[in-house]
Amino acid sequence: MINCLKSEWLKQKHRFSLKLVWISPLVPLVLALILMGGRYFFEAAFNWWYTLLLPGTLAMMVAFTVAAEKRHNRHGLFAVYINKKDLWLAQLFMNTLQLLLLNLIFCIDLILLGALLGITVPFSKALIGSLVLFASLAWQIPFFLFISEKMGTFFTIMLSLIGNIGFGIFFSPTKLWMVPFAIPARLMCPIINVMPNGLPLEASHPLGDGRVVLPGMLITIALYFIISFITTIWFNRREVK
């Protein structure tokens, strides 16, 4: 397993997906500055990040990983590796690590740029929001790895956009917020006090209730392990083509 992780890290270093880890977090910050003129910088940056940039980046990273493996026929490892599940688990781990890095880099860039421009960025909210996004989006990694294997890159990215933008914006303010795609957007409402459509929350608004954070996190973390377990069994049973 250790050798699989080392191999996966070396492969990731030469892929465009690793560059996305550094580039993507800057985009919502630039958008917030250009479109909002620095006003509501923290709220606008986070809103752009979790509604569009982060889900899109995650889908591309996962899809590019699978596409590269298919293009190189998994470097011949699929035919000779006894425990094929290790290959799958290595991909899961590396993409999960990249998702964590994505959110931490966004958090650091947000705080540093805010300090540079003299804009107050609440450190605790930035860190908590970034970690909540990591935990609530992680389930999509095994899910989209499987979809990419079955349907390809284009379908994976389109499904991510439809699921995260469609369900995230329209379902999160409703009683259907526990739909997995809608959970990240719902949890961010009480953290940044902004609705998914970008409008600020009033003090007494129901979406500002922070009690949804814990159950939402538990649902998505459980999904991550359940989908990872099921897809690992599926991958381990695959035959060499």
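For the reader, a short list of remarks on this structure follows.
- Scan of the range 53-74 for residues that are at pLDDT below 90 and in a helix (DSSP H, G or I), ordered by number: PHE64, THR65, VAL66, ALA67, ALA68, GLU69, LYS70, ARG71, ASN73, ARG74
- Residue in the range 117-129 that is under 19 Å from LEU54 (Cα atoms), of a type in the set (S, T, N, Q) and surrounded by fewer than 21 Cβ atoms within 10 Å (Cβ to Cβ) present: no
- Residues within the range 207-241 that are outside any loop (DSSP other than H, G, I, E, B) and exposed (fewer than 10 other Cβ atoms within 10 Å of the Cβ), tallied: 1
The values are calculated or read from the model by the stated rules, or taken from the named source; none is laboratory data. Bear in mind that the values here come from a model prediction, so they are computed numbers and not experimental data. Please note: Cβ atoms are built from the backbone with ideal geometry, for glycine as well, and neighbour counts cover all protein chains shown.
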